[in-house]
1. Would you mind giving the three semi-axes, in whole Å and largest first, of the ellipsoid equivalent to the chain according to its Cα gyration tensor?
2. I'd like to verify something in the chain: which complete DSSP H helices, judged by Cα projection on the helix axis, reach 18 Å or more and average at least 1.6 on the Kyte-Doolittle scale?
3. Quick one: work out the % antiparallel among DSSP beta bridges in the chain, nearest 5.
4. List Trp157, Trp43, Trp150, Trp76 from most exposed to least, where exposure is judged by having the fewest other Cβ atoms within 10 Å.
5. Please list, ordered by chain and number, the residues whose modelled amide H lies under 5 Å from the amide H of Ala34; skip anything fewer than 5 residues away on the same chain.
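Nothing in this text is a laboratory measurement; each read-out follows from the coordinates by a stated rule. On a predicted model such as this, the values are computed, not experimentally measured, just so you know. Methodologically, a virtual Cβ is constructed for each residue, glycine included, from the backbone with ideal geometry; neighbour enumeration extends over all protein chains shown.
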Amino acid sequence: MSEHLPSATGSSPSAQDLLSAARACALIEQLPYAGRLPAVEAWSVVQAGHAVLVDVRTAEEVKFVGRVPGSFHVPWMTGTALLRNPRFVRELEAKVGKDQPVLLLCRSGKRSADAATAAHKAGFTQVFNVTEGFEGELDDAQQRGHQNGWRFSGLPWIQD
């Protein structure tokens, strides 16, 4: 994952700068979608109004683990068996435009990467993966939420 440094003026990079840097890294890394951003940068881009956030976790995860206020929900997989949602692209098209910057969020950044690949193949030109996801990577004790991720970073979330 790339780190984005403050600009030459000492201020934080703009949302456009973050998206441009993510696109540049995606080309270098040969990602099959527009790029990837860590959770904190993703939130900055959403807050600036330069992208929409789409949560691709299951309905159960959203309900019982929490969600980001104002985000859309389009499950990449469904149910406890995590079966691929055959309507994913159609449901995504119903919520966001194909040329609109879209940030996809899952639990750890892995399913959202797969969803970003599928969305890109379906013609979404500005789809980005939120690395770290909502809960973050597993730590040495095989637990999430202790080293990175949306919630760990103190970003806004609510629970039903």
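1. Details: eigenvalues 105, 76, 42 Å².
Whole-Å semi-axes of the equivalent ellipsoid: 23, 19, 14.
2. Values: long enough: 15-29 (21 Å, 0.77).
Correct list, ordered by number: empty.
3. The answer is about 20 percent antiparallel.
4. Ranked by crowding around the Cβ, least crowded first: Trp157, Trp43, Trp76, Trp150.
5. Amide H neighbours of Ala34, under 5 Å, 5+ apart: Val127.
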